[in-house]
Structure formats: structure tokens, C-alpha cells
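What follows is one structure encoded as C-alpha cells, with my remarks underneath.
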Amino acid sequence: MWKDELTITLDYINKNEVYVAKVDRDPNTAAFNYDRVEFKLTGELPEGWKISFTMKNQGQIFKRGKQVGSIEILGYYGDASGSGRPNHSSIVSVEGIKSGLGNGKLYILERDMPKDPRTLTEYYAIIPIKGHELAYNVWIDCDDLDNDLLAMKRFLQILEVNNGN
């Protein structure tokens, strides 16, 4: 095997196949280890809000007992590609943010869902993970624009990650 190739074995319905691909040996492209990511809160949430970490590396956001958002890790290929943002959304505004997860962007989006006449407002934060084509993603659907925006900014301040990558 050449030093610039990697062999990966895949199992498709009990049929083993081998795929050989060239791999960039830059240390910044090392595989991301999801198992070493664990979200944590470092402060108090606004009244009526709760974050439940269903898995250590993803969570659900609740407002008055109803799920209104989530925290997860998604593929991200840079702002120019528009990656990470949800389908059927348009940007109302965007601002730079500093969060416990790192620096990123906070978007206010309008979302039009197929076969639904309503337009929804969503707060959506994306914080790129340095050295990977991934980002931390936090979003909430909002019904009280000003208070929900304050809650979102609070989440971003107190949300951190233990990350051994």
C-alpha cells in the first residue's frame, strides 16, 4: 500500500467491499471523533427553557415543555456554499457571535415549509469546527421574537463542549 492511500472496509448488507481512496495527510484533516464530544452548560437557562442532552453530543431544546429546537453537529463547507442552513429558508439577518463553542454566526431565518401556508421564524447558529468540514449547530423556532432571541444568545454563551479531538 502506498503511503498516500487508505483502505476502508465497508459492510453493505453482509457484502464486504474494499474502497481505496487518496487521503490528504495534513493533520488538520484527521477524522473527527464524535465520541469525544460532550456538550455541557456552564450557567443557568432562562426561565421556562430546558436543554436535554439525549446523547452526549446532541441535545433538544424545550420551551415550556415543548421541543422547539436542537443542538447537533452537521456537515459544513463554508459560508459561500450555504451549507448547514436548513432547506426552504431565507436569511433575514446575520451577525457574528462569540460563544462557548467558539466563533460563528447567528442567523434569523424565515422558513417556508412545503404545503404549509405559514412562514416561520427560526434562530439558527452555526459555529465551524476548526480543521473539519463540520460545525456545531444550534437552532430554535420562535414565537416571541425578542425574548427568544435573548434566550438563544444565552444558550450560546453557556453552551460549551468537552472535546478531546
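Nothing in this text is a laboratory measurement; each read-out follows from the coordinates by a stated rule. No experiment lies behind these values; they were computed from the predicted model shown. Quick reminder, even Gly has a Cβ in these numbers, built from the backbone with ideal geometry, and neighbours come from all protein chains shown.
Of 124, 34, the sequence from fewest to most neighbouring Cβ atoms within 10 angstrom is 34, 124. Entry note: region 102-165 has Rg to Rh equal to 1.05, where both radii use alpha-carbon atoms and Rh is the Kirkwood radius. For region 77-119, how big is the tail of P(r) above 13 Å, as a whole percent of Cα pairs? Pairs farther apart than 13 Å: 63 percent. By the Kirkwood approach, averaging reciprocal distances over each pair of separate Cα atoms, region 31-163 gets a hydrodynamic radius of 15.1 Å.
Each of 154, 64, 85, 111 was scored by other Cβ atoms within 10 Å of its Cβ. Listed from fewest to most, they are 64, 154, 111, 85.
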